[in-house]
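The values are calculated or read from the model by the stated rules, or taken from the named source; none is laboratory data. This is a predicted model, so every value here is computed, not measured. Because the Cβ atoms are built from the backbone with ideal geometry, glycine has one as well, and the counts that use them run over all protein chains shown. Side chains included, ligands, DNA and RNA excluded: accessible areas come from the protein's heavy atoms. Shrake-Rupley method; radii C 1.70, N 1.55, O 1.52, S 1.80 Å.
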Amino acid sequence: MEYKRILTIQDISCVGQCSLTVALPILSACGIETAILPSAVLSTHTAGFSGFTFRDLTDDMPAIREHWQKEGIRFDAIYTGYLGSTKQVGYVKDILDTMGKEESVKIVDPAFADNGKLYPIFDSVYVDAMKTLCPSADILLPNITEACFLAGVEYKETYDEEYIGDLLSALGKLGCSTIVLTGVGYAPGKTGVAVYENGSIHYYEHQRIAKGCHGTGDVYASAFVGSLVRGKPLFEAAKIAANYIVQCIENTQNDPEHWYGVKFEPVLPELIRML
Ligand code: PXL
């Protein structure tokens, strides 16, 4: 098996099972060397905890990038998630455009909204900045809320295939030809992922577990990226990540104490098996 090196850029939420504390173990379990660039350090994630600390690492980024440049460090893949500031988006775009090897793949998870709402630290200026990352991404990985904010489409809780098709083509116009749209469900008890590639859509439907858990977007994205970088074709990687996240939620749903994330670690052997 080819040994690959990925760079992932997202925050460290010290407690809360999201972002880097999810991406590092999952990508490592997939057999990939994982380099990190923390966008910010928070005491916890921002969904449900109050009084969290937040240290923005935007101003550290140019020197870190310059050092890597001097050392000749390049990456087989670059995967970005929750970022620390609007200014940082410009630095991240530059890294996406310059720090990959020739055949590298770049995956952008917009990671700024869910359930029809922006996460607490973000605003419309940040959303506009995020639009500029789309042409630098080979694959965009939004949920429906993020897709709507980026494409300027009204967010709906219930919809049909035509709405999703229109959403994906509006999003594609921002300059990203491949989109993996998560949380797409057309029937009660079902959800799934719509994979848009050069104008055509393939849909994978799976069970929707009633209990919504924080951090599932990051677990999904990390498992998807890990499968893809391990050489799985796009749709297969989207399916593997979906099957993994269902098992992670099943493993968490009966534990009322565990409200802040998913217990993804005990299910890692299942992910490895699917690879
Ligand atoms: O899971 C996305 C995410 C990542 N990082 C931080 C968050 C969230 C979602 O709320 O607050 C800090």
Scan region 76-84 and tell me whether some residue there is open to solvent by 60 Å² or more (accessible area, probe 1.4 Å), closer than 30 Å to Glu270 by Cβ and part of a loop (DSSP other than H, G, I, E, B). no
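Listed here are the residues, each with its yes/no results for (1) hydrophobic (A, V, I, L, M, F, W, C); (2) within 16 Å of the ligand (Cβ to nearest atom); (3) not in a strand (DSSP E or B).
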| site | (1), (2), (3) |
| --- | --- |
| Tyr196 | no, no, no |
| Ile201 | yes, no, no |
| Tyr204 | no, no, no |
| Cys213 | yes, yes, yes |
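So that you can scan it fast, the table gives a plain yes or no per residue for (1) surrounded by 13 or more Cβ atoms within 10 Å (Cβ to Cβ); (2) over 16 Å from the mean Cα position of the chain (by Cα); (3) within 16 Å of the ligand (Cβ to nearest atom):
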site	(1), (2), (3)
Leu57	yes, yes, yes
Lys70	no, yes, no
Glu103	no, yes, no
Thr132	yes, yes, no
Please find, within region 44-55, the residue that is nearest to Glu257 (Cα to Cα) out of those that are at pLDDT 95 or above, open to solvent by 40 Å² or more (accessible area, probe 1.4 Å) and near the ligand (Cβ under 10 Å from one of its atoms). Phe52
Scanning for something open to solvent by less than 10 Å² (accessible area, probe 1.4 Å) and under 19 Å from Val225 (Cβ atoms), does region 117-127 turn up at least one residue? no
Would you pick out the residues in region 217-267 that are more than 28 Å from Met1 (Cβ to Cβ) and within 12 Å of the ligand (Cβ to nearest atom)? Tyr260, Gly261
When you scan region 9-25, do you find a residue that is hydroxyl-bearing (Ser, Thr, Tyr), assigned to a loop (DSSP other than H, G, I, E, B), within 12 Å of the ligand (Cβ to nearest atom) and within 30 Å of Glu257 (Cα to Cα), even just one? yes
Could you please tell me which pairs satisfy a Cβ distance under 9 Å, a separation of 6+ or placement on different chains, a first residue in region 39-61 that is part of a strand (DSSP E or B), and a second residue that is modelled with pLDDT of 95 or more and among the acidic types (Asp, Glu)? Ser39/Asp11; Ser39/Asp56; Ala40/Asp11; Ala40/Asp56; Val41/Asp11; Val41/Asp56; Leu42/Asp11; Phe54/Asp11
Where a residue in region 12-31 is of a type in the set (Ser, Thr, Tyr) and its partner, wherever it lies, is more than 9 Å from the ligand (Cβ to nearest atom), with Cβ under 6 Å and at least six apart: Ser28/Thr34
Members of region 105-125 that are assigned to a loop (DSSP other than H, G, I, E, B), small (Gly, Ala, Ser) and near the ligand (Cβ under 10 Å from one of its atoms): Ala111
